[in-house]
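The values are calculated or read from the model by the stated rules, or taken from the named source; none is laboratory data. Quantities reported herein were computed from a predicted structural model and do not represent experimental measurements. Backbone-built Cβ (ideal geometry, glycine too); neighbour counts: all protein chains shown. We work out accessible area using only protein heavy atoms, side chains counted, and drop any ligands, DNA or RNA first. Shrake-Rupley method; radii C 1.70, N 1.55, O 1.52, S 1.80 Å.
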Amino acid sequence: MDKRMTVDDAVAEVTDGMTIGIGGWGSRRKPMAFVRALVRRGVKDLTVVSYGGPDIGILCATGQLKKAVYGFVSLDSIPLEPHFRKARQNGALEAVELDEGMFLLGLRAAAQRLPFLPTRAGLGSDVLKINPHLRTVKSPYDDREELVAVPALKADVAFIHMNRADAAGNGQALGRDPYFDNLFCMAANKAFMSCEKIVSTEELVAGGPLQSLLINRMMVSGVVEAPGGAHFTECPPDYARDEKLQREYAATAKDEEAWKAFRAKYLEVTESDYQNAVSR
Amino acid sequence: MSHDEVSRADVCALAIAECFRNDGEIMVSAMGTSPSLGARLAKSTFEPDLLMTDGFNLLLRNVLPLGAAPSDGDVEGWMPFGAVFDTLWWGRRHVMMGASQIDQFGNQNIACIGRWEKPKAQLLGVRGAPGNTINHVTSYWVPNHNDRALVAKVDMVSGVGYDRAAALGPNGRRFHEIRRVVTNLGVFDFNTPDHRMRLVTLHPGVELERVLDNTGFELVIPDGLDVTPVPTPEQIGVLRELDPQGYARKEVVE
């Protein structure tokens, strides 16, 4: 089994109007090589489902994002994603803002092929008001408790980034938090995984505890070797966040010329040119 | 200010620590500088059984100074985000969050200012506030008490207050508790018949007038108002060890 391909091969599956699930968390282990490829491909009217970071911010700034479904959109060391802030304040973005835990249940529901999963989270808050599509459900048992029915967050395509993978699509997260990338894959019709390094299955299994093998090959249709593929977000233990480039990126939200220059230098280039431009 | 002089930030840190008294063996998630310092003071003095993380995914048995990186010997467990959600739905958690706005029933807003559809200012978004407040104990920290933060009506209910919780009925509200609000001016709770916010203590040197002038709703003022306790010399010693850089002082408006 050999599912190796390029980022551009994978992103060729994305067409205008699709819903894209993006793994990672904030500015942590984001599949940025795929995000850059989405910018190069120029697909429009996208919906992104994400524990959002620069993935949502960049696609806001390029005008490719129609709708964002998120628990938050943050750069971590910069608490609010500045391009997302700008898009929201301009009223330029359709938004589905959920409590962070509700978002997880929506992913789980999609992965389990359920219409919804129930939770207390959201009850009494304005999350129900700003999301008029949300419904509550009554427990069928004696308690008759009313709960929020978080609808499944399905996607057409999901993108994730791992530390290691084999050519068949088994993937390994070597950082301390696995996040929910397995669920993003299962919630999507098709999923693609980039990784820092493709190794043999033997090396993969020997490279960390079994619990680090978060992704099995059923979950992904394609594997891409993309060293630095999460950059400028963090991808421990391979590299920390590039705070300097992140600050540079964040500053472009307030300066149209700086954004144009950033886009030309870091986004409208091939992945290898990007990696050369930021070579560490 | 000399090393052992007591600042407003020290009073706030102790008041925050007191929010966690008798919490026992639960996880405390304290967002921001003064909450982190106060929770650390509680764990290192009167509430040693508290579980706390490094702010990422490690549970730390040892209490470290603000900004210090843990070493392997400081770790007692693992708390990735998936486990945080399980823990908060389980209810074994007390969170202290900030509040860009908070009203008299403890409805909190961290999401946006203005209309949510096209906000004047996009803030953090609701983050975990809806789930936290309906599942376990919550307290709030406001470092700059003014009538833009303590408001008659919040622009967007992120964290659920007592009036909203009451409307859910006994099932919906059974895990809801807003324990306390600590600001740079005083300590507040909701121990009133209709759960309206009550002034509990004024910090030393703060006049009642200043609190009233800077609050956008009518506070319940008890008879015989007390003053917030000042840290003992031992507690001040612990605070200096936990915040050698004086981050909390920079945050708290005198």
Subject >> The listed residue being in a loop (DSSP other than H, G, I, E, B) and either in contact with a strand residue (DSSP E or B) (Cβ under 9 Å, 6 or more places away or on another chain) or open to solvent by less than 60 Å² (accessible area, probe 1.4 Å) (or both), out of B:Thr133, B:Thr201, B:Thr138, B:Thr192 >> reply: B:Thr192
Subject >> Unmet criterion (only one of (1) over 17 Å from A:His161 (Cα atoms); (2) in contact (Cβ under 8 Å) with a residue 60 or more places away in the chain) for A:Thr15 >> reply: (2)
**OP:** Collect the residues in region B:13-32 that are over 10 Å from the mean Cα position of the chain (by Cα) and either at pLDDT below 95 or farther than 13 Å from B:Val182 by Cα (or both), keeping them in residue-number order.
**Re:** B:Arg21, B:Asn22, B:Asp23, B:Gly24, B:Glu25, B:Ile26, B:Met27, B:Val28
**OP:** Output the strands (runs of 3 or more DSSP E) that fall wholly within region A:38-148 and possess 3 or more residues being of a type in the set (A, V, I, L, M), without any contact (Cβ under 8 Å) to a residue 12 or more places away in the chain and away from chain B (no Cβ under 13 Å), or say none.
**Re:** none
Original post:
In this structure, does B:Gln108 turn out to be in contact (Cβ under 8 Å) with a residue 24 or more places away in the chain, of a type outside the set (Gly, Ala, Ser) and within 11 Å of another protein chain (Cβ to nearest Cβ)?
Top reply: yes
**OP:** Hey, could you check region B:141-169 for residues that are open to solvent by less than 30 Å² (accessible area, probe 1.4 Å), closer than 17 Å to B:Ala111 by Cα and more than 10 Å from chain A (Cβ to nearest Cβ) and say which is farthest from the chain's Cα centre (by Cα)?
**Re:** B:Val151
Original post:
Out of region A:104-141, which residues are over 17 Å from A:Gly71 (Cα atoms) and either open to solvent by less than 80 Å² (accessible area, probe 1.4 Å) or basic (Lys, Arg) (or both)?
Top reply: A:Ala111, A:Arg113, A:Leu114, A:Gly124, A:Arg135, A:Thr136, A:Val137, A:Lys138, A:Ser139
**OP:** Would you please name the residue that is least open to solvent (accessible area, probe 1.4 Å), looking only at residues in region A:194-209 that are without any contact (Cβ under 8 Å) to a residue 40 or more places away in the chain and more than 24 Å from the chain's Cα centre (by Cα)?
**Re:** A:Ser200
Original post:
Which members of region B:1-23 meet the condition of being open to solvent by less than 20 Å² (accessible area, probe 1.4 Å) and either under 24 Å from B:Gly128 (Cβ atoms) or of a type in the set (Gly, Ala, Ser) (or both)?
Top reply: B:Ser7, B:Ala9, B:Cys12, B:Ala13, B:Ala15, B:Ile16, B:Ala17, B:Cys19, B:Phe20
